[in-house]
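Asker: Here it is: the structure, laid out below.
Derivation of every value follows stated rules applied to the coordinates shown; laboratory data play no part. None of these values were measured; they are calculated from a predicted model. Heads up, the Cβs are rebuilt from the backbone with ideal geometry, glycines too, and the neighbour counts pull from every protein chain shown.
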Amino acid sequence: MNSAIEAYRAAGEETRLRILRLLRQAPGELCVCEVVYVLEKPQYAVSKSLTVLRKAGLVEERRDGKFMKYKLRSSPFNDKVFESLDAIPATAVNYKGDSRRLAKRLALRETLGCADFCK
């Protein structure tokens with residue numbers, strides 16, 4: 001299948017679109033538990049969405065001990081897809097709440113790492 005079609009199919013679902021927006025906003029990687037916290041979705045649903053995004057080549061994963069970390073996978077095509085996310089208004093759907101919860105979690109990172117946060 002064409003990789004561009006796979007990428008658009010992967011991004012074309014609300015949870016996956018929200019994950020891409022989070023990763024676009026985050027400075028570096030996000031642990032899966034952080035994504036679960038921000039989206040307020042069950043871990044299995046977030047993991048399934050991240051797997052679809054990874055298989056479509058939109059995100060990269062890295063194991064850090066027992067934690068999985070995710071970031072956007074840069075490429076000329078992907079970068080254009082990610083830039084288009086910026087055009088979605090922050091007030092659309094759940095994005096405003098997502099941004100607020102992401103900021104809250106990132107502020108806690110220095111004092112509460114994944115080992116403590118992801119229990």
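Asker: If you add up the charges near GLY57, with Lys and Arg at +1 and Asp and Glu at -1, over every other residue whose beta carbon is less than 10 angstrom from its beta carbon, what do you get? Please list the in-between numbers first.
Answerer: Working: positive: ARG54, LYS55, ARG73; negative: GLU6, GLU60.
After counting each charged neighbour, the total is +1.
Asker: Next question, about the same structure. SER3: net charge of surrounding residues, Cβ under 11 Å, Lys/Arg +1, Asp/Glu -1, itself excluded?
Answerer: On the way: positive: ARG9, LYS55; negative: GLU6.
Every neighbour counted, the sum reads +1.
Asker: Which of LEU58, VAL32, ALA11 sits farthest toward the positive end of the charge dipole of the range 3-107, with +1 on the Cβ of Lys and Arg and -1 on the Cβ of Asp and Glu?
Answerer: So the residue furthest toward the plus end is VAL32.
Asker: If you don't mind, there's one more thing I want to ask. If I fit a long axis through the Cα atoms of helix 43-55 and take the longest principal axis of the Cα atoms of the chain, what angle between them do I get, 0 to 90°, rounded to 10?
Answerer: Orientation of helix 43-55: about 40 degrees from the principal axis.
Asker: Can you sort GLU29, GLU34 by how many other beta carbons sit within 10 Å, fewest first? Spell out each step's value before the answer.
Answerer: Working: GLU29 18, GLU34 25.
Ranked by crowding around the Cβ, least crowded first: GLU29, GLU34.
Asker: Semi-axes of the equivalent ellipsoid of the range 1-93: what are they in whole Å, largest first, if each equals the square root of 5 times a C-alpha gyration tensor eigenvalue?
Answerer: 19, 16, 13
Asker: Suppose every Lys and Arg Cβ carries +1 and every Asp and Glu Cβ carries -1, with no other charges. What dipole size does the range 74-113 come out with about its Cα centre, to the nearest 20 debye?
Answerer: On the way: 7 positive and 5 negative charges, 60 e Å.
Around 280 debye, computed over the range 74-113.
Asker: In the Gaussian network model of the chain, springs joining C-alpha atoms below 10 Å, which of SER74, SER84, SER47 carries the largest mean-square fluctuation?
Answerer: SER84
Asker: Could you please report the charge total around CYS31, scoring K, R as +1 and D, E as -1 over all other residues with beta-carbon less than 9 angstrom from its beta-carbon?
Answerer: On the way: positive: LYS69; negative: GLU29, GLU34, ASP64.
With Lys, Arg at +1 and Asp, Glu at -1, the neighbours total -2.
Asker: Here's a follow-up. Rounded to the nearest 20 Debye, what is the dipole magnitude of the chain about its Cα centre when Lys and Arg each give +1 and Asp and Glu each give -1 at the C-beta? Don't jump to the answer; show the numbers that get you there.
Answerer: Values: 23 positive and 15 negative charges, 48 e Å.
In debye, rounded to 20, the chain gives about 220.
Asker: Which whole-number percentage describes the relative contact order of the range 3-107, with Cα contacts under 8 Å and a sequence gap of 6 or more?
Answerer: Details: 100 pairs, mean separation 33.8, N = 105.
Once divided by the residue count of the range 3-107, the mean separation gives 32 percent.
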